[in-house]
1. If the Cβ limit is 6 Å and pairs must be 6+ apart or interchain, which residue in the range 233-244 that is more than 16 Å from Ile27 (Cβ to Cβ) pairs with which residue that is of a type in the set (A, V, I, L, M)?
2. Residues to consider are Ile76, Ile99, Ile72; find the one that is touching a Lys or Arg at 6+ places or on another chain (Cβ under 8 Å), part of a helix (DSSP H, G or I) and either surrounded by 15 or more Cβ atoms within 10 Å (Cβ to Cβ) or at pLDDT below 95 (or both).
3. Quickly run through the range 28-69 and pick out the residues that are within 29 Å of Phe95 (Cα to Cα) and part of a loop (DSSP other than H, G, I, E, B).
4. Would the range 103-123 turn up any residue that is within 24 Å of Met216 (Cα to Cα), of a type in the set (A, V, I, L, M, F, W, C), away from the ligand (no atom under 15 Å from the Cβ) and assigned by TED's automatic domain parsing to the domain that holds Asp272?
5. Could you look through the range 26-51, keep only residues that are hydrophobic (A, V, I, L, M, F, W, C) and closer than 23 Å to Glu245 by Cβ, and pick out the one that is farthest from the ligand (Cβ to nearest atom)?
6. Can you tell me which residues in the range 109-136 are small (Gly, Ala, Ser) and either at pLDDT below 95 or not in a helix (DSSP H, G or I) (or both)?
7. Hey, among Glu260, Glu254, which residue is under 21 Å from the mean Cα position of the chain (by Cα), without any contact (Cβ under 8 Å) to a residue 12 or more places away in the chain and assigned by TED's automatic domain parsing to the domain that holds His189?
8. Tell me yes or no: at least one residue of the range 70-77 is touching a His at 6+ places or on another chain (Cβ under 9 Å), within 14 Å of the ligand (Cβ to nearest atom) and either in contact (Cβ under 8 Å) with a residue 60 or more places away in the chain or not β-branched (Val, Ile, Thr) (or both).
Amino acid sequence: MNNYVLYGYGESVASNMARVALSEKEISYKYNVVYLESKGEHLRENYRKLNPKTLLPTLTIDGKPLPDSIEIMKYIDNKFPDQGVKLFLNDDKKFEELIDYLKLDENKELGTTFGTTGGGISIPVLAKLLCKRSILSVAFDYLRFHGIKQRRAIFLLVRILGGPPPGIYKKMMVSLAKHLLYIENFLGHKKDFIYGDFYTAADCCLTALLHRVQEMRFFGVVDGNKLPNIAKYWNTISSRPSYKEGILDYQTGEWLPVLEGLYGDGPNDHNDFLWDKIETFK
Ligand SMILES: N[C@@H](CCC(=O)N[C@@H](CS)C(=O)NCC(=O)O)C(=O)O
């Protein structure tokens with residue numbers, strides 16, 4: 001019997017990656033939700049002690065913290081090599097590069113990889129959640145306690161503006177278009193999973209990323225006919241129990257009303273811009 005506790009947030013891409021992996025490895029764990037922008041619980045002292053970078057997720061193993069979604073995946077894969085799917089391949093440079101491209105890397109600029117773009121396209125929602133708190137309390141918390149220096153002023157600016165800084169979201173659309181086409185072409189191999197015939201950690205990452213694209217109301221990406229390899233692939237990965245067990249079952253419910261407030265029942269207000277870019281780069 002393990003003594004695992006996962007600290008995560010329902011609609012966090014990195015938490016989703018880790019939870020999908022835990023489901024694929026058939027590992028049970030206790031779960032502690034840590035509210036991000038709306039309450040800033042990740043900036044409180046008790047969580048900072050577990051994860052000085054103040055990021056989610058963190059897995060504790062007998063009380064010992066292991067931050068970072070990819071590190072969590074590697075740990076459980078090593079610990080349980082014969083349980084569930086094998087998430088990582090040994091000494092495969094191309095696979096490692098793919099993981100680097102898909103992970104949420106706090107050291108890379110937003111938009112430069114698919115992983116960081118997953119964070120960038122979420123800014124309109126993050127802004128509204130931050131707006132549940134006063135500018136002063138956001139300034140106090142983020143400037144003093146956020147573990148990633150570069151993110152401190154950005155979060156404050158997003159709170160002050162109530163949305164993404166001008167030009168940033170269009171820049172994110174350009175990046176998203178390029179990354180979606182890259183994945184569409186990658187899947188040109190016509191195999192079931194992103195790295196071939198077997199499900200891997202790269203699929204855990206893509207499940208969370210494509211879920212985010214759909215969640216942010218970019219219509220027709222995973223469910224249309226313009227990116228047919230992605231649509232087929234999405235059907236395969238989202239049909240696995242890990243999609244429900246790792247992502248859908250953990251939603252906090254905080255995001256849905258915000259998305260409805262932003263876009264009603266319709267698409268993201270940059271949906272057409274995204275598709276223009278996809279057509280341009282095709
Ligand atoms: N490399 C880390 C990145 C984690 C990360 O960026 N998590 C986001 C949520 S998806 C977060 O905690 N954001 C809160 C913040 O920056 O204030 C991982 O993969 O776990």
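1. Going by the 6 Å Cβ cut-off, the qualifying pairs are Tyr233/Leu187; Trp234/Leu210; Trp234/Val222.
2. Values: Ile99 fails: touching a Lys or Arg at 6+ places or on another chain (Cβ under 8 Å); Ile72 fails: touching a Lys or Arg at 6+ places or on another chain (Cβ under 8 Å).
Testing whether each residue is touching a Lys or Arg at 6+ places or on another chain (Cβ under 8 Å), part of a helix (DSSP H, G or I) and either surrounded by 15 or more Cβ atoms within 10 Å (Cβ to Cβ) or at pLDDT below 95 (or both) leaves just Ile76.
3. Residues satisfying the conditions are Ser28, Tyr29, Asn51, Pro52, Lys53, Thr54, Leu55, Leu56, Pro57, Asp68.
4. Pass one, the range 103-123, residues within 24 Å of Met216 (Cα to Cα): 103-123.
From what's left, of a type in the set (A, V, I, L, M, F, W, C): 104, 110, 114, 121, 123.
Cutting the leftovers down to away from the ligand (no atom under 15 Å from the Cβ) gives us none.
There is no residue in the range 103-123 that is within 24 Å of Met216 (Cα to Cα), of a type in the set (A, V, I, L, M, F, W, C), away from the ligand (no atom under 15 Å from the Cβ) and assigned by TED's automatic domain parsing to the domain that holds Asp272.
5. Quick first cut of the range 26-51, residues hydrophobic (A, V, I, L, M, F, W, C) only: 27, 33-34, 36, 43, 50.
Keeping just the survivors that are closer than 23 Å to Glu245 by Cβ gives 27, 33-34, 36.
Values: Ile27: 17, Val33: 13, Val34: 9, Leu36: 5 Å.
Going through the qualifying residues, I end up with Ile27.
6. At the first step, the residues of the range 109-136 found to be small (Gly, Ala, Ser) are 111, 115, 118-120, 122, 127, 134.
Once the filter is applied, which keeps residues that are small (Gly, Ala, Ser) and either at pLDDT below 95 or not in a helix (DSSP H, G or I) (or both), the range 109-136 yields Gly111, Ser122, Ser134.
7. Glu260
8. Step one: filter the range 70-77 for residues touching a His at 6+ places or on another chain (Cβ under 9 Å), giving none.
No, that holds for no residue.
The values are calculated or read from the model by the stated rules, or taken from the named source; none is laboratory data. What you are looking at is a predicted structure, and each value in this text was computed from that prediction instead of being measured. For neighbour counting, all protein chains shown are included, and Cβ atoms are generated from backbone atoms with ideal geometry for every residue, glycine included.
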